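> I am attaching a structure below and will ask some questions about it afterwards.
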Amino acid sequence: QVQLVESGGGLVQPGGSLRLSCAASGSILSINAMTWYRQAPGKQRELVAGITSGGSTNYADSVKGRFTISRDNAKNAVYLQMNSLKPEDTAVYYCNADLIIKLSYRRNTYWGQGTQVTVSS
């Protein structure tokens, strides 16, 4: 009923930039927080950046000043602009949405399928 689809990952050289997108679709009444997580091989999934419906943001210390999260409420979309990328940013990036389902008014959390970001020369 609800899908989150990420795009924009790829291979980039250190110091380069990428912009990730995530669009939510389906029986959505409203979306609260939207968050980007990442998981590197052999490591636990970690929060990268989050944004509320009102536009308040938070970032992991490791990405502050380099990454910017934004959202388009009309499109049910969230974006992650990643600049000055480092090899340690290599991971699968996942989109997460905390939302309210139409008709049932139930609140659920959904995940996207992930998009690979590789930073390497």
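The values are calculated or read from the model by the stated rules, or taken from the named source; none is laboratory data. Computed from a predicted structure; not experimentally measured. All Cβ positions, glycine included, derive from the backbone under ideal geometry; neighbour counts span all protein chains shown. Remember, those area values only see protein heavy atoms, side chains included, never the ligands or the DNA or RNA. Shrake-Rupley method; radii C 1.70, N 1.55, O 1.52, S 1.80 Å.
> Would you list, by chain and number, the lysines whose Cα falls below 23 Å from the Cα of K43, excluding same-chain residues fewer than 8 positions away?
Within the straight-line cut-off, K43 pairs with K64, K86.
> Whole angstrom only: what separates the Cα centroid of region 106-121 from the Cα centroid of region 1-30?
Centre-to-centre distance over Cα atoms comes out at 7 Å.
> Figure the gain on full extension for Q39 and R66 (residue separation times 0.36 nm, minus the Cα-Cα span) and round it to one decimal in nm.
7.9 nm
> To the nearest 20 debye, what is the magnitude of the charge dipole of the chain about its Cα centre, counting +1 on the Cβ of each Lys and Arg and -1 on the Cβ of each Asp and Glu?
The dipole magnitude comes to about 180 debye.
> Now for a different question. Considering only protein heavy atoms, what per residue accessible area in square angstrom results for the chain with a 1.4 angstrom probe?
Values: 6410 Å² over 121 residues.
Per-residue accessible area for the chain comes out at 53 Å².
> Let me ask another. How much of the accessible area of region 1-115, probe 1.4 Å, is carbon plus sulfur, in whole percent?
Details: 2830 of 6090 Å².
The computed percentage sits at 47.
> Quick one: what are the phi-derived ³J(HN,Hα) couplings along region 22-31, Karplus 6.51/-1.76/1.60 with θ = phi - 60°, whole Hz, x for glycine and proline?
Once θ is set to phi - 60°, the couplings for region 22-31 become 9, 10, 9, 9, x, 7, 9, 8, 7, 10 Hz.
> Starting at the first residue of region 113-120, write each ³J(HN,Hα) from the Karplus equation 6.51 cos²θ - 1.76 cosθ + 1.60 with θ = phi - 60°, in whole Hz, x for Gly and Pro.
Once θ is set to phi - 60°, the couplings for region 113-120 become 7, x, 9, 7, 10, 10, 10, 7 Hz.
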